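What follows is calculated from the coordinates using simple rules that are stated; it is not laboratory data. What you see is a predicted model, and the numbers here were worked out from it, not measured in a lab. Virtual Cβ from ideal backbone geometry, glycine too; neighbours counted across all protein chains shown.
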Amino acid sequence: MHKAAPLHQDAVASGFLVDMVITFPLAWYFLVIRPLKLSKWSILLVITCCCTVAYLILPIHQRHYILQLRELIALPELALLIYTLSKIRYIRREYRRLQATLPDVAYNLHQSMATVMGNTAAIKIIASELTILRFGLFFWKKQPTVTASRRFSIHREIAYVGLFAVIISVCAIELVAFHLFLLHYSHTAALIVTILSVYGTLFLIGDFAAIVQSPVLILQDQLLLRTGLRWRVLVDTSNITSIQKVTDSFEPAPTCFNGGLMKNRVNILFTFTQPIQIERLYRKPITTTQIVMTIDMAEELMAVI
C-alpha cells in the first residue's frame, strides 16, 4: 500500500479501509458473536481494534479517514459508556453486600458486575482486568480479615517472594534495554512494546500481591481454597472425602486439578465426595473431584479440618 503508484494509492487505501472497518467486523459478527451468543456491544471493541490497526498501517496523509470514522462511532461508544456509568452505584452496592459476607475482591467484583450487567465473557474479562489493576496499583492495600476463620498462606514454604524478586528485577532490566534497542528502529514500536511490558509487569505485581493477601481460609463449615487471582473455590467441609500430604514427585490424575502456586511444588491433595466447580481467571470454570495445591503448614490445616 505504501509502494503503490500515487494514482492508485487512494483506491488501495480505501479498499483496505473498507475491509478493516466493514468486512472484518461483519465477518466477526456472523462467525463469532452470533454463533457464540456474545454481547453485541463487543462489536464496538472489534471496530476500535480494526481502526487502530488501520491507523498504524495507512500512510500518514491518509490517516484522517480513520479520524473521521472514529467520529461516526463515537456516539454509540458514548452511549455504552453512559450506560456503564449509570450501573456503577448498583455494582458497588452489590459488591459491598458480597464483601460483607466473605471478602474476596476478584470473585465479588465479577459476581457484582455479572448480577447487574449480565454474566457474559466480556464482563468477566473486564472484571478480571479491573481486579489485576486493583492489586497491581494498590498492592499495599490489604483485604479485610474474616472473623471466625483460620488463615493459611501458600507462598512461604516455596520461597516465592525470592523468586518474584528475581523475576521482577530481570523484567525491569530487560524493559529498559529492549526499549533503548527498539528506539534505534522505530519510536512507535518502542512505545507500544514498552506500554505492553509495563502492563505485563503490573500483571505480575498484581498476581504476587493477590497471592500474599489471599490465603486459604477455614470458615465455620466451609473451606475457601485459592491461589491468588488464578482460581478459587468455596466448598463445604462435609463434602471433603479425604486430605493427604503429597511430595513434589506426586503425579496428579488427569481429572485432578493442579492448583499449585508452582505446578511442580505441591504438598496437599483434596478429594471431594461431590464434584465442585472452580472459578478461574480469564477462563471458563472447571468441574473436578480432586485438587492438588500448595499450602503452608499443611499438617496444621489437616488437623483443624
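Values computed for the structure shown
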read-out: Given charges at Cβ of Lys, Arg, Asp, Glu: the chain dipole, positive-most of 146, 238, 253; value: 146
read-out: Listed residues 275, 209, 21: farthest to the positive end of the dipole of the chain (Cβ charges); value: 21
read-out: Low-density loop cleavage sites - chymotrypsin sites (Phe, Trp or Tyr not before Pro) in the stretch 178-235, where at most 14 other Cβ are within 10 Å (DSSP); value: 185
read-out: Span-rule helices in the chain, defined as complete DSSP H runs reaching 18 Å or more along the axis (Cα) with Kyte mean at least 0.0; value: 6-18, 42-57, 64-86, 121-137, 160-183, 187-213
read-out: Distance between the stretch 103-152 and the stretch 217-240 - C-alpha centres, whole angstrom; value: 16
read-out: Partner lysines for residue 142 [C-alpha distance under 20 Å; skip if fewer than 8 residues away on the same chain]; value: none
read-out: Assigned charges on the beta-carbon of Lys, Arg, Asp, Glu; the chain dipole about Cα centre (debye); value: 700
read-out: Lysines with Cα under 23 Å of residue 284, excluding same-chain neighbours fewer than 8 positions away; value: 37, 40, 124, 263
read-out: Point-charge dipole on Cβ atoms (K/R +1, D/E -1) for the stretch 219-304, about Cα centre, debye to 20; value: 480
read-out: Average Cα contact separation per residue, the chain, under 8 Å, 6 or more apart, as relative contact order %; value: 13
read-out: Net charge dipole size for the stretch 258-305 [Lys, Arg +1 and Asp, Glu -1 on Cβ; Debye, nearest 20]; value: 380
read-out: Long-range amide H partners of residue 257 with built H, under 5 Å; value: 290, 291, 292
read-out: Unit charges at the beta carbon, dipole of the stretch 87-127: most positive-side option, 123, 99, 88; value: 88
read-out: Sum of -39500 (n - 2.57) over DSSP H runs of 4+, divided by residues of the chain (222 nm, nearest 500); value: -17500 deg cm²/dmol
